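Below you'll find the structure, written out as structure tokens, and then a few comments.
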Amino acid sequence: MIDLTKDNFEEEVLKAEGTVLVDFYGDGCVPCAALMPHIHGFEKVYGDKIKFTSLNTTKARRLAIAQKVLGLPVIAIYQNGAMVDSRVKEDATPESCEEMIKKYAN
């Protein structure tokens, strides 16, 4: 899991080749903390097909807003520098996230 910052987000996500998953989370976000072990587990299964990254929105609020991340947690899929799919708040369950990951892992 690559830790993203405002300094490396463009390089690691927007300019990356292939598919990138971004786990947008925040300090003190209980649903984010509950989801994170599942996302780390998915990296073990799908990490050879998708690049797994995470961004602490508490430290990069402007960047999160620029990516239209207004609620947490958000698990987003990027391809060719654009967000193509995401699971947000209540929809960001381990099951729905894995379903989305499988869709892009092929």
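The values are calculated or read from the model by the stated rules, or taken from the named source; none is laboratory data. Because the structure is a prediction, the values reported are computed rather than measured. Every residue, glycine as well, gets a Cβ built from its backbone with ideal geometry; the counts of neighbours run over all protein chains shown. What goes into the accessible areas is simple: the full protein's heavy atoms, side chains included, and nothing from ligands, DNA or RNA. Shrake-Rupley method; radii C 1.70, N 1.55, O 1.52, S 1.80 Å.
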Original post:
Can you name the number of the only condition in (1) of a type outside the set (S, T, Y); (2) buried (at least 16 other Cβ atoms within 10 Å of the Cβ); (3) in contact with a helix residue (DSSP H, G or I) (Cβ under 9 Å, 6 or more places away or on another chain) that A64 fails?
Top reply: (3)
**OP:** List every residue pair whose Cβ atoms lie under 6 Å apart, where the two residues are 6 or more positions apart in sequence or sit on different chains, the first residue falls within region 1-15 and is over 22 Å from G41 (Cα atoms), and the second residue, located anywhere, is of a type in the set (A, V, I, L, M) and not in a helix (DSSP H, G or I).
**Re:** K6/A60
Original post:
Which of the residues belonging to region 40-63 are under 22 Å from K102 (Cβ atoms), in contact with a strand residue (DSSP E or B) (Cβ under 6 Å, 6 or more places away or on another chain) and either in a strand (DSSP E or B) or of a type in the set (A, V, I, L, M, F, W, C) (or both)?
Top reply: I50, K51, F52, T53, S54
Original post:
In region 74-87, what residues are part of a strand (DSSP E or B) and either among the small types (G, A, S) or at pLDDT below 95 (or both)?
Top reply: A76, A82, S86
Original post:
For region 84-102, how many residues are without any contact (Cβ under 8 Å) to a residue 24 or more places away in the chain and either open to solvent by 70 Å² or more (accessible area, probe 1.4 Å) or small (G, A, S) (or both)?
Top reply: 6
Original post:
If only one of D27, D23 is among the charged types (D, E, K, R) and either part of a loop (DSSP other than H, G, I, E, B) or more than 19 Å from M100 (Cα to Cα) (or both), which one is it?
Top reply: D27
Original post:
Which residue, of E90, E12, is assigned to a helix (DSSP H, G or I) and farther than 19 Å from A105 by Cα?
Top reply: E90
Subject >> Any chance K44 is without any contact (Cβ under 8 Å) to a residue 60 or more places away in the chain, surrounded by fewer than 18 Cβ atoms within 10 Å (Cβ to Cβ) and in contact with a helix residue (DSSP H, G or I) (Cβ under 7 Å, 6 or more places away or on another chain) >> reply: no
Original post:
Just one of the numbered conditions (1) within 18 Å of M83 (Cβ to Cβ); (2) within 14 Å of the chain's Cα centre (by Cα) is not true of P37; which one?
Top reply: (1)
